[in-house]
1. What is the dipole size for the chain, taken about its Cα centre, with +1 at each Lys and Arg Cβ and -1 at each Asp and Glu Cβ, in debye to the nearest 20?
2. Which whole-number percentage describes the relative contact order of the chain, with Cα contacts under 8 Å and a sequence gap of 6 or more?
3. In the range 5-109, how does Rg compare with the Kirkwood Rh, expressed as the Rg/Rh ratio over alpha carbon atoms?
4. Of the cross-linked pairs 2/41; 29/92; 86/109; 41/92, which ones have a Cα-Cα span greater than 20 Å in the structure shown?
5. May I ask what percent, to the nearest 5, of DSSP beta bridges between residues of the chain are antiparallel?
6. May I ask you to give the solvent-accessible area per residue for the chain, in square angstrom, as obtained with a 1.4 angstrom probe?
7. Treating cross-link reach as a plain straight distance, find the aspartates and glutamates whose alpha-carbon is under 15 Å from the alpha-carbon of residue 66, omitting any fewer than eight places away in the same chain.
8. For the chain, what does -39500 (n - 2.57) per DSSP helix run (n ≥ 4), summed and divided by total residues, give at 222 nm, in deg cm²/dmol to the nearest 500?
Amino acid sequence: AKRGVGIDIDPLLVKLSQRFANEAKVSDKVTFRHQDVLTIKDLSDASVVMMYMGEDVNLRLMPVLKKTLKPGSRIVSHDFPMGDWKPDATLKVPDEFGEEHIVYLWTIK
């Protein structure tokens with residue numbers, strides 16, 4: 001990826017993300033914004049959208065994703081599907097404690 005943009009409603013998490021990006025020496029490639037993701041109306045600059053939000057928020061964001069992402073753009077959601085929108089792929093991934101998580105992938109047609 002050329003660059004990344006992180007969005008979180010919690011200002012503390014935005015500050016922590018900035019600190020971790022500095023420590024990982026990638027702060028020149030990422031930016032973090034304190035914002036409610038549901039206020040975003042256009043994601044057309046994104047080629048990959050990664051989400052870790054509940055299914056209710058995913059469902060509310062889904063129309064913006066479908067309307068503004070370009071064909072070929074991908075959406076990845078950790079643990080939460082988007083209602084009856086069937087993912088192109090799912091993958092079960094164990095975490096460091098052995099708990100399984102599901103990663104969902106959709107590609108905009």
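The values are calculated or read from the model by the stated rules, or taken from the named source; none is laboratory data. All values reported here derive from a predicted model rather than from experimental measurement. Neighbour counts are summed over all protein chains in view; Cβ atoms, including those assigned to glycine, are modelled from backbone coordinates with ideal geometry. Keep in mind that these areas ignore ligands, DNA and RNA; they rest on the heavy atoms of the full protein, side chains included. Shrake-Rupley method; radii C 1.70, N 1.55, O 1.52, S 1.80 Å.
1. On the way: 16 positive and 16 negative charges, 147 e Å.
Computed about the Cα centre, the dipole is about 700 debye.
2. Details: 171 pairs, mean separation 23.3, N = 109.
Result for the chain is 21 percent.
3. On the way: Rg = 14.5 Å, Rh = 14.9 Å.
Looking at the range 5-109, the ratio lands at 0.97.
4. Details: 2/41 22 Å; 29/92 29 Å; 86/109 13 Å; 41/92 31 Å.
With Cα atoms farther than 20 Å apart: 2/41; 29/92; 41/92.
5. In the chain, approximately 55 percent of DSSP beta bridges are antiparallel ones.
6. Here the residues of the chain average 71 Å² of exposed surface.
7. Straight-line reach from residue 66, under 15 Å: 42, 45, 84, 88.
8. Value at 222 nm, helices only, nearest 500: -8000 deg cm²/dmol.
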